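These notes are about the structure you will find just below.
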Amino acid sequence: MQRPDSQVHDRRSVPESGHRAPKKKKMSKGTKALLIIVCVIVAIALLLVGTVLILSAVGRNALTDDGSGMMMEEYEGDAESLGSGTVRYKGQLYQYNDEIIPILLLGVDEHEKNVQEGEFGVANQADVNVLAALDPKNRRITMISISRDTMCEMDVLDDAGSHVGTATAQLALAYTYGDGGDVSCELSAAAVSRLFYGLEIPVYASIYMDGITELVDAVGGVTVTPDVSFGPFVAGRETLLTGSNTERYIRYRESTTEGNNQRMQRQNQVLVALVRQMLASVKQNPASVLNLYNNVSRNVTTNLDASKILYLAQQAAKLRFDGEIRNVAGESVLGAQNHAEYQVDEQALYELILDVFYDPVTE
């Protein structure tokens, strides 16, 4: 028989032994705010990680090549190009390293960047030409200094920017046919590419003199030891360079056929010191490279975007740099117009390319 409604007990609402159910504690406003902040920070971190991974993937694809377009068969020595980035030299088989990233670094002989939009033919020359190779596969950074006086084939543009042919001249002059910005960099990269048997150079960056001095100050100065005495610099005495005296150190040149080679050695000293300090900073914080770039960007031209900068910074942080800059071997001679001309040793250059950009293959 069903009990009267008055006798039905709801155990959920009336606890046994006469005790009331404990009330649920409310979260304090401070705790709730802290939880929200933590969630936001985690969300931002996840978003940044995802963005970096995406940008890194995009950066890698844009900066690497398989070497199939190189024209290694143009070398007249004991070598054979087998296609698909494969070369046989003196009986040894080599395969192009498709993880390597070539970067052309240019130093321009003017204080401030001055791009002539729509105008071509500038007075500025690229006095410093350094080809850097980031090699994630072999975990190394290699830097190759190419003399400004190197005789090479370059594109010639008219005043309207139209291509009118090629000329053989000093590498520094390739920059002059452009606009002082991207076009000048592209012309220099094309000339270096021809010199290196069609090596694709996907990244370039030029920096003007004021940018170099700003960069030296941004890293806190660099220490060098001069090989010869001139001006305030004493051979064998360690010297701290800052923005105020860097220009004099890297621009001084004796009026001899070897004058530029000696100047290159001093420029390389400064470059090595800068690279070491920037790498140390990047290893601690890859994003620090963006701060350095912001300090000098007004006097820099580059085709790097955010994805490429992030990818390169991440890669550089993992690689070793031995502190040496390799030179393209050759001989300085006095040309027909009494200008120094640097004649490249073709065999030495070919072997340098194989050593840096190719890996030996065991058959």
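Summary of values
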| quantity | calculated |
| --- | --- |
| Long-range neighbours under 9 Å by Cβ, at least six apart or interchain, first residue closer than 24 Å to N124 by Cα and among the aliphatic types (A, V, I, L, M) within segment 289-316, second surrounded by fewer than 18 Cβ atoms within 10 Å (Cβ to Cβ) and modelled with pLDDT under 85 | none |
| Residues located in segment 249-264, provided they are under 25 Å from the mean Cα position of the chain (by Cα) and open to solvent by 40 Å² or more (accessible area, probe 1.4 Å) | R251, Q262 |
| Residue pairs meeting the criteria (Cβ under 6 Å; at least 6 apart or on separate chains; first touching a residue at least 40 places away in the same chain (Cβ under 8 Å) and under 13 Å from G107 (Cα atoms), in segment 199-221; second open to solvent by 20 Å² or more (accessible area, probe 1.4 Å) and of a type in the set (K, R)) | Y208/K113 |
| All positions within segment 289-314 that are under 20 Å from S184 (Cβ atoms), open to solvent by less than 20 Å² (accessible area, probe 1.4 Å) and not β-branched (V, I, T) | N299 |
| Qualifying residue in segment 271-280 (condition: over 19 Å from V130 (Cβ atoms) and either touching a strand residue (DSSP E or B) at 6+ places or on another chain (Cβ under 7 Å) or of a type outside the set (K, R) (or both)) | yes |
| Residue count for segment 347-362, restricted to those that are surrounded by 14 or more Cβ atoms within 10 Å (Cβ to Cβ), more than 25 Å from the chain's Cα centre (by Cα) and of a type in the set (A, V, I, L, M) | 0 |
| Qualifying residue in segment 297-317 (condition: of a type in the set (D, E, K, R), at pLDDT 85 or above and part of a loop (DSSP other than H, G, I, E, B)) | no |
| Filtered residues of segment 71-112 (kept if closer than 30 Å to D179 by Cα and buried (at least 21 other Cβ atoms within 10 Å of the Cβ)) | I100, I101, P102, I103, L104, L106, G107, V108 |
| Segment 170-192 residues that are farther than 21 Å from P102 by Cα, paired with ones that are open to solvent by less than 10 Å² (accessible area, probe 1.4 Å) (beta carbon under 6 Å, 6 or more apart) | Q170/D149; G178/S184 |
| Segment 117-161 - residue that is farther than 30 Å from G259 by Cβ and of a type in the set (A, V, I, L, M, F, W, C) and, of those, modelled with the highest pLDDT | L134 |
| When residues of segment 328-339 are limited to those that are assigned to a strand (DSSP E or B), surrounded by fewer than 16 Cβ atoms within 10 Å (Cβ to Cβ) and not acidic (D, E), the one modelled with the lowest pLDDT | L334 |
| Meets criteria (assigned to a strand (DSSP E or B) and either modelled with pLDDT under 85 or crowded, with 17+ Cβ neighbours inside 10 Å (or both)) for Y342 | yes |
| Residue in segment 188-204 that is at pLDDT below 95, closer than 24 Å to R276 by Cβ and among the hydrophobic types (A, V, I, L, M, F, W, C) present | yes |
| Qualifying residue in segment 114-124 (condition: within 27 Å of G211 (Cβ to Cβ) and within 20 Å of the chain's Cα centre (by Cα)) | no |
| Condition met for T239 (over 23 Å from the mean Cα position of the chain (by Cα) and of a type outside the set (D, E, K, R)) | yes |
| Single residue of segment 162-177 satisfying the filter (hydroxyl-bearing (S, T, Y) and surrounded by fewer than 15 Cβ atoms within 10 Å (Cβ to Cβ)) that is farthest from R263 (Cα to Cα) | S162 |
| Criterion (surrounded by 15 or more Cβ atoms within 10 Å (Cβ to Cβ) and not in a helix (DSSP H, G or I)) met by exactly one of G243, G236 | G243 |
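This table checks each residue for (1) among the polar types (S, T, N, Q); (2) under 24 Å from P360 (Cβ atoms); (3) not in a strand (DSSP E or B).
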| position | (1), (2), (3) |
| --- | --- |
| I144 | no, yes, no |
| Y175 | no, no, yes |
| S193 | yes, yes, yes |
| G198 | no, yes, yes |
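The values are calculated or read from the model by the stated rules, or taken from the named source; none is laboratory data. What you see is a predicted model, and the numbers here were worked out from it, not measured in a lab. Using ideal geometry, Cβ is built from the backbone for each residue, glycine included, and neighbour counts are taken over all protein chains shown. For the accessible areas, the whole protein counts, side chains as well, though only heavy atoms, and no ligand, DNA or RNA atoms are used. Shrake-Rupley method; radii C 1.70, N 1.55, O 1.52, S 1.80 Å.
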